[in-house]
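The structure under discussion appears below in the form of structure tokens.
The values are calculated or read from the model by the stated rules, or taken from the named source; none is laboratory data. Keep in mind that what you see is a predicted model, and the values were worked out from it rather than measured. Here the Cβ positions follow ideal geometry from the backbone for every residue, glycine too, while neighbour counts run over all protein chains shown. The protein model used for the area step is the full one, side chains on, heavy atoms only, and it has no ligands, DNA or RNA in it. Shrake-Rupley method; radii C 1.70, N 1.55, O 1.52, S 1.80 Å.
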Amino acid sequence: MQEQTLLTLIILFPLVGALLNAFLLRSANVGIVCAVATLAVVLPFIFSCMLFMGPVVQGNSLTVDLFNW
């Protein structure tokens, strides 16, 4: 996966998980809510590890412009 995609997913997964739990899964089974909350944290952690093990460990720097001012 590209670095830009990984960074976007790292930011979006917790946000989407929180929104799902707050608005769509209020009355759902507790197991489903816990699974969504856990995945919303574990997946960005895995993507962060992948991002760190790729270019950063090899000595390359990673620069991503999120916004143009």
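Here is how the numbers come out for the structure above:
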quantity	calculated
Count of the range 25-44 residues which are open to solvent by 50 Å² or more (accessible area, probe 1.4 Å) and farther than 19 Å from Leu12 by Cβ	6
Qualifying residue in the range 4-16 (condition: surrounded by fewer than 15 Cβ atoms within 10 Å (Cβ to Cβ), among the hydroxyl-bearing types (Ser, Thr, Tyr), within 8 Å of the chain's Cα centre (by Cα) and outside any loop (DSSP other than H, G, I, E, B))	yes
Where Phe47 falls short, out of the listed (1) under 12 Å from the mean Cα position of the chain (by Cα); (2) open to solvent by 100 Å² or more (accessible area, probe 1.4 Å)	(2)
Residue satisfying all of: in the range 50-67; assigned to a helix (DSSP H, G or I) and open to solvent by less than 50 Å² (accessible area, probe 1.4 Å); modelled with the lowest pLDDT among these	Pro55
